[in-house]
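Here is the structure we will look at.
The values are calculated or read from the model by the stated rules, or taken from the named source; none is laboratory data. These numbers come from a predicted model, not from an experiment. In this analysis, Cβ positions are derived from the backbone assuming ideal geometry, glycine residues included, and neighbour counts consider all displayed protein chains.
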Amino acid sequence: MLSCFVIDDEPAAIDILTNYIEKTPFLNLVGSTNNPIEAIQLLQNQKIDLVFLDIQMPYLSGLDLMKVIQGKSKVILTTAHSEYALEGFEQDALDYLLKPIPFERFLKAAQKALYNSAFATSAWQAPATEDEYIFVKTEKGKMIRINFDEIMYVEGLKNYLSIYTKEDRIITLLNVKDLEERLPPKKFMRVHKSYIVSLDRIKAVDGNQILLKDMKAYVPLGETYRTVFFQTLQQYVMNGKR
């Protein structure tokens, strides 16, 4: 999940980007502003993964703001003028979106940000200390320990989720986002707004369906997650995890 912030002096542009972000399951909107100067303190004091930044704004341009924050957050530039693209990339902008921005083009840029985040960090390195299990509370109020290597996949439902192991189905009142944040990213991946799979349990991919080892059922692969899924799976195999 990437935290993101929108900076644009046009309220209509903020509304469009806010709507797009809300449609994208791996993005979490922290806030927005039409005042770039107001945004500086927030970006310097709070960890924001991704900024959607307009270039032409009063008092301080988006390119000038990038110089101030000095790479603290990844930036996707938004503008109606293509002539700024080269300078934006020279300042390490992750992507460049021309207004009016189609959702498909927005999604492609967001997926690039997610992929960049996954492999520019230590997501594929084990932390100094690493648990091999989690405790969850079942629908009956009982706390139960689940080892990560037992989990096949997770299915999110309206007010709860099901954790499937080879032998059992455990129902807990967590939501998918909560559990995703508790699972190690080098072992699990969200592949649909309602599903998380164990990377080690993947046997095959058939179109928009994922077949897991020792399971007859298929897990759906959401279109929003498709590009990043295949990039992640390729990296997972290259790192000798399977």
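Overview of values
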item: Test: residue in the stretch 173-196 that is exposed (fewer than 14 other Cβ atoms within 10 Å of the Cβ) and more than 21 Å from the chain's Cα centre (by Cα); result: yes
item: Residue match in the stretch 113-122 (condition: touching a strand residue (DSSP E or B) at 6+ places or on another chain (Cβ under 7 Å), among the polar types (S, T, N, Q) and modelled with pLDDT of 90 or more); result: no
item: Listing of strands (runs of 3 or more DSSP E) fully contained in the stretch 131-172 that carry 3 or more residues being at pLDDT below 90; result: 133-137, 143-147
item: Filter result for Arg226 (in the same structural domain as Glu150 (by TED's automatic domain parsing) and either at pLDDT below 90 or part of a loop (DSSP other than H, G, I, E, B) (or both)); result: yes
item: Condition met for Leu50 (assigned by TED's automatic domain parsing to the domain that holds Phe106 and in contact with a helix residue (DSSP H, G or I) (Cβ under 9 Å, 6 or more places away or on another chain)); result: yes
item: Residue selected from the stretch 197-223 under the condition part of a loop (DSSP other than H, G, I, E, B) and under 21 Å from the mean Cα position of the chain (by Cα), by the criterion surrounded by the most Cβ atoms within 10 Å (Cβ to Cβ); result: Leu221
item: Residues of the stretch 1-10 satisfying the condition of being part of a strand (DSSP E or B) and among the hydrophobic types (A, V, I, L, M, F, W, C); result: Leu2, Cys4, Phe5, Val6, Ile7
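Condition check ((1) modelled with pLDDT of 90 or more; (2) among the hydrophobic types (A, V, I, L, M, F, W, C); (3) surrounded by 13 or more Cβ atoms within 10 Å (Cβ to Cβ); (4) in contact with a Cys (Cβ under 6 Å, 6 or more places away or on another chain)) across all residues:
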| position | (1), (2), (3), (4) |
| --- | --- |
| Gln56 | no, no, yes, no |
| Lys72 | no, no, yes, no |
| Thr79 | no, no, yes, no |
| Phe89 | no, yes, yes, no |
| Pro102 | yes, no, no, no |
| Gln111 | no, no, yes, no |
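Yes/no matrix, rows are residues, columns are (1) in contact with a Gly (Cβ under 9 Å, 6 or more places away or on another chain); (2) in contact (Cβ under 8 Å) with a residue 24 or more places away in the chain:
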residue: Arg145; (1), (2): no, no
residue: Ile151; (1), (2): no, yes
residue: Val154; (1), (2): no, yes
residue: Ser162; (1), (2): yes, no
residue: Ile202; (1), (2): no, yes
